[in-house]
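The values are calculated or read from the model by the stated rules, or taken from the named source; none is laboratory data. This structure is a prediction, so every number in the text was calculated from the model and none was measured. Side chains included, ligands, DNA and RNA excluded: accessible areas come from the protein's heavy atoms. Shrake-Rupley method; radii C 1.70, N 1.55, O 1.52, S 1.80 Å.
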Amino acid sequence: MITKELLKKYASKLMFDMKDEEYDTLQKEFDVMLKQMELIGKIEGIDEVEPMTFPYEYILDEYRCDDEVYHVENSIILSNAKEVEGRELSVPKVVE
């Protein structure tokens, strides 16, 4: 079961906040999803079926050409950065 406290904990880790009634709604939605997953799990032979990731076969045969339109030197980009580590931007960690 997903509790309101657990939802608040994960929301806090993601620096996301909601009103209490929104947490209640989300908790009810998770309860419904978990019950549906439990029902689906009871279907005979479900473990033998390959999961469907897309409802029909889709083949992309035309790719966009990635022509370089505008190039900025790495040193110029890094000169505007608040924190730099080596040749990369350094950003604060937001998810544990």
Most fluctuating of M33, M18, M52 in the GNM of the chain (C-alpha, under 10 Å) is M52
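Among L89, L6, what's the order by accessible area (1.4 angstrom probe), most exposed first?
L89, L6
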Between the Cα axis of helix 4-13 and the main Cα principal axis of the chain, the angle (0 to 90°, nearest 10) is 10 degrees
The set of residues whose placed amide H lies less than 5 Å from the amide H of V84, leaving out same-chain residues fewer than 5 positions away, is S90
Of E57, E48, E29, the most mobile residue in a GNM of the chain (C-alpha springs, cutoff 10 Å) is E57
Summing -39500 (n - 2.57) over every DSSP H run of at least 4 in the chain, dividing by its residue total and rounding to the nearest 500, the 222 nm mean residue ellipticity is -12500 deg cm²/dmol
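How large is the Kirkwood hydrodynamic radius of the stretch 1-82, in angstrom, based on all distinct alpha carbon pairs?
By the Kirkwood definition, the hydrodynamic radius is 18.7 Å.
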Once normalised by the length of the chain, the mean sequence separation of its alpha carbon contacts under 8 Å that are 6 or more apart gives a contact order in percent of 28 percent
Taking 0.36 nm per residue of separation between V91 and L6 and subtracting their Cα-Cα distance, the length gained on full extension comes to 27.9 nm
Contour minus Cα-Cα span, L26 to V69, at 0.36 nm per residue, comes to 11.0 nm
Computed over the chain: longest principal axis from alpha-carbon atoms vs helix 20-41 long axis, angle to nearest 10 degrees, is 70 degrees
